[in-house]
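Contents: one structure, followed by commentary.
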Amino acid sequence: RKENIGITIPAEERERGIQRQIAARTRAEGLCELEMERVRKDGSRFPAHSVVTAMVDPEGRVSGFVEIVRDLTRRRLLERQLRETKEFLENVMASSVDGIVTTDLKGHITFLNRGMEEMLGYAREELLGTHISRLYVKGIQEARQIMEVLRARQRVENYEMQILRKDQEVLSIINSASLLRDGEGNVIGTVGVFKDLTQQKRLEAKLKETQAHLVEASKLRALGELVAGVAHELNNPLMASQTILHVIEGELHQDCPNKDRLQVIRRCNERIARIVDHLREFSRQDRPELRPLDVNVPVDNALLITEQQLLDHQIHLERRLAQGLPPVMADPNQLEQVFLNLISNARDALDEKEGNKELLIQTLLEQRAGHRWVVVTVKDTGPGIPPEILDKVMEPFFTTKPVGRGTGLGLSLCFKIVEDHGGMLEINSQVGLGTEVRVLLPAMMSTG
Ligand SMILES: Nc1ncnc2c1ncn2[C@@H]1O[C@H](COP(=O)(O)OP(=O)(O)O)[C@@H](O)[C@H]1O
Ligand SMILES: [Mg+2]
């Protein structure tokens, strides 16, 4: 059966006279190419590409047409999928906070996403075409190393390295990279994902510090309660013992041989009493009585008490107290305790040393992180603290002194008091050179 080709052309196109147009163009140019919808027998439509050519008889007249029609359904589908994939990938790349960079085989940057631009502070155009090693702190050497691993293992995972921002700031990043291939599987470059660790590292360090601080503070609080109980329990029998001792001493006649022995017991009791006092001081639960105070006052008081003793120990004391410091909110008795403890630690340390024994007590004003601190430093030229015990010295009951000399409570008491004052206690020490303890107290705002 003969059918006119026209039935495969949609009715509306036929009405517009498309067939005549095609015939005219084909006659004129010998060939007509076009894309349009066509109609199947069941009435459904599909996109099609067609080429129409004219058949010409020997006299040069057009005797008919040949049309080659190709169904474009599959191609259109692929095109749409490709476009969607591309848009999807572009979206993913653009919204990733991690940096994504591709390079060619020589290491020249061929693409970078917005995350990378922001991380580095460069605009895309500044980097496209430049060599990736320019971003690496270790330069070309590191780029080669990464490429070697890529060639050997196809990928690099979680490689920690440092890169340079445009403003020369160094960023710690973690890099994962793999090889880029074309359709035939040939390697055409690399793709790398850069995760910025700098911020994370900073936060981690801060968190650790805070945690250590909290642990220290809560340990001290728990211990304070325990110690308060112990001190209380010890005090009663001690009082009884002292009283009875006193009575016995009074009743002994002058040349009794036990008199010396009782002296020894008395001295032991006195020592116990001193320790109990220390424990009570340490566990004192009451809040400090804060008032505006010139920090030089408790420093001077502490020196007044210890000066003679320092002289006896051949220690040369230098005091450098700044005048006109802003006041601090503080309890003068508690601060005096702190300085007494620090000075007696310095004295013990200097006792262990031959020759040059110097103690420097200094007060000054310091600006740090936008805050003003009144600082008291106690610095000795003693043997110093070995690094492996440096972070233990503030722990309650940690002492390196012989039994009977140290209680190990001095520095933890200082720590607690300074903490209660909203301040900080820092220890810098170098074996063989000496130790410096710094007490930082928040300076009060000047009232003008
Ligand atoms: N100025 C210092 N020089 C050297 N070591 C020190 C100094 N201050 C403290 N230390 C060390 O810290 C430890 C703990 O000090 P502290 O808490 O005051 O307890 P104590 O003085 O009773 O031992 C000391 O035993 C000592 O090892
Ligand atoms: Mg001490």
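Just so you know, all these numbers are worked out from the coordinates, no wet-lab data involved. Since the structure is predicted, the reported quantities are computational estimates derived from the model, not experimental observations. Cβ sites come from the backbone with ideal geometry, for glycine too, and all protein chains shown count toward neighbours.
Figures for the structure shown
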item	result
Spatial extent of the chain: Rg and Dmax, with the Cα atoms as the point set, Å	43.8, 162
Nearest-20 debye value, segment 5-72 charge dipole, Cβ charges on Lys, Arg, Asp, Glu	120 debye
Given charges at Cβ of Lys, Arg, Asp, Glu: the chain dipole, positive-most of Ser172, Ala48, Gln199	Ala48
Rounded FRET efficiency, nearest 0.05, which uses the C-beta distance separating Glu419 from Glu233 and R0 of 25 Å	0.40
Value of Rg to Rh for segment 288-448 (Rh from inverse mean 1/r over Cα pairs, i.e. Kirkwood)	0.96
Within a Gaussian network of the chain (alpha carbon springs, distance under 10 Å), most fluctuating of Ala28, Ala330, Ala349	Ala28
Euclidean distance between Cα centres, segment 149-187 to segment 38-109, Å	35 Å
Mean-position separation - Cα centroids, segment 356-430 and segment 303-325, in angstrom	17 Å
Relative contact order for the chain, counting Cα pairs under 8 Å that sit 6 or more residues apart, in percent	8 percent
Estimated inter-spin distance, Gln254 and Val149, nm [label 7 Å along Cα→Cβ]	9.1 nm
Which of Pro442, Thr363, Asn269, positive extreme of dipole for the chain (C-beta unit charges)	Pro442
Around Leu425: net Lys/Arg minus Asp/Glu count, Cβ-Cβ under 12 Å	-3
Spatial extent of segment 198-285: Rg and Dmax, with the Cα atoms as the point set, Å	22.8, 79
Student exercise, the chain dipole from Lys, Arg, Asp, Glu Cβ charges, in Debye to nearest 20	2100 debye
Neighbour-limited loop hits for GluC sites (Glu not before Pro), segment 112-186 (at most 13 other Cβ within 10 Å; DSSP other than H, G, I, E, B)	Glu169, Glu184
Between helix 332-351 and the chain: long-axis angle, C-alpha atoms, 0 to 90°, nearest 10	80 degrees
Stokes-Einstein D in µm²/s, Kirkwood radius over Cα pairs - segment 96-196 at 4 °C with 1.567 mPa s viscosity	96 µm²/s
Most mobile listed residue (Ile244, Ile275, Ile315) in the chain, GNM with C-alpha springs under 10 Å	Ile244
Nearest-ten-degree value, helix 73-95 long axis tilted from longest Cα axis of the chain	20 degrees
Met55/Lys86 FRET efficiency (R0 35 Å; Cβ-Cβ; nearest 0.05)	0.25
Relative contact order [Cα under 8 Å, 6+ residues apart], segment 51-175, whole percent	13 percent
15 Å beta-carbon shell around Glu35, net charge (K/R +1, D/E -1)	+1
Chain lengthening between Gln19 and Ile275 when straightened (0.36 nm per residue, less Cα-Cα)	80.7 nm
Gained length - Glu352 relative to His313, 0.36 nm times residue gap less alpha-carbon distance	13.0 nm
Segment 198-285, relative contact order in percent, only Cα pairs under 8 angstrom and at least six apart counted	48 percent
Degrees between helix 410-420 axis and first principal axis of the chain (Cα, 0 to 90, nearest 10)	60 degrees
Distance between modelled label sites at Arg40 and Ile427, nm, 7 Å Cα→Cβ extension	8.7 nm
About the Cα centre, charge dipole magnitude for segment 165-295 (Lys/Arg +1, Asp/Glu -1 at Cβ), debye	220 debye
Relative packing of peptides 387-394, 224-231 - highest average C-beta neighbours within 10 Å first	224-231, 387-394
Stretch gain in nm, segment Lys401-Ser176, where the contour uses 0.36 nm per residue and the Cα spacing is subtracted	75.7 nm
Rg over Rh, two decimals, segment 21-168 (C-alpha only, Kirkwood Rh)	1.33
